[in-house]
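Read the structure below first, then the notes.
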Amino acid sequence: MPTSLTASPAHVLRVFTFKEGLLSTVAHDLRLTLVRWHIDVDDTGAVKGSFFPATLKVDGVMRGGQLDADALSGANQREVLANVNDKLLQTGRHPEATLVGRVVGEGARRQFEGTLTLAGRAASITAPIEVTDAFVRVSLELQPTRWGIAPYKALMGAIRLQDRVRITLDAPR
């Protein structure tokens, strides 16, 4: 049976960033949510997805595995998004990221195998898919440099993001 997932309160795609560097104690690990995206899976397991990174929103700061939604001011959130859109993902030039591939396997443990095109570059990815009677969950880590995206740096590199982001997708069945 074909499946279509679209961004909604029930279908949530999140992006987690991780800090490092000499002054990382004054920086933040962040959680963002992508507001506009969709993924279609046909009867054969073929997958096509579209993601619109300019629709990211900052949820807040992650501390000890918990979200602190009040840790950043509105101005700080706008600054984060401006850096993501203008300096990292260049969403003006690359407004859409795409995903093509297929779901392989059956039962509770499946896997996506395919290609993600992000910021104008394509790279292969694999992602485990956890399937239960209640939900589908995908969680994977990406290295932005594989797509030509340099880790964000501030204060001459004393604060920077790690070359990894975690992407999670949760959807009820």
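Annotations for the structure displayed:
- Contact map, the range 79-91: first residue of a type in the set (A, V, I, L, M), second residue crowded, with 17+ Cβ neighbours inside 10 Å and part of a helix (DSSP H, G or I), Cβ cut-off under 7 Å, separation 6 or more or different chains; pairs are LEU89/PRO53.
- Residue ID - modelled with the highest pLDDT, chosen from residues in the range 64-111 that are in a loop (DSSP other than H, G, I, E, B) and on the phi > 0 side of the Ramachandran plot: GLN90
- The condition of being without any contact (Cβ under 8 Å) to a residue 60 or more places away in the chain, closer than 17 Å to VAL15 by Cβ and not charged (D, E, K, R) holds for only one of LEU140, LEU99, that being LEU140.
- Positions within the range 112-130 being under 17 Å from THR55 (Cβ atoms) and assigned to a loop (DSSP other than H, G, I, E, B), in sequence order: ALA119
- Candidate set from the range 1-59 (those that are polar (S, T, N, Q) and at pLDDT 90 or above); member that is farthest from the chain's Cα centre (by Cα): THR44
- Across the range 144-160, the qualifying residues are those that are at negative phi and in contact with a Lys or Arg (Cβ under 6 Å, 6 or more places away or on another chain), and the one among them that is modelled with the highest pLDDT is TRP147.
- Some residue of the range 141-164 being part of a strand (DSSP E or B) and among the hydroxyl-bearing types (Ser, Thr, Tyr): no
The values are calculated or read from the model by the stated rules, or taken from the named source; none is laboratory data. Since the structure is predicted, the reported quantities are computational estimates derived from the model, not experimental observations. We place every Cβ from the backbone using ideal geometry, glycine too, and count neighbours over all the protein chains shown.
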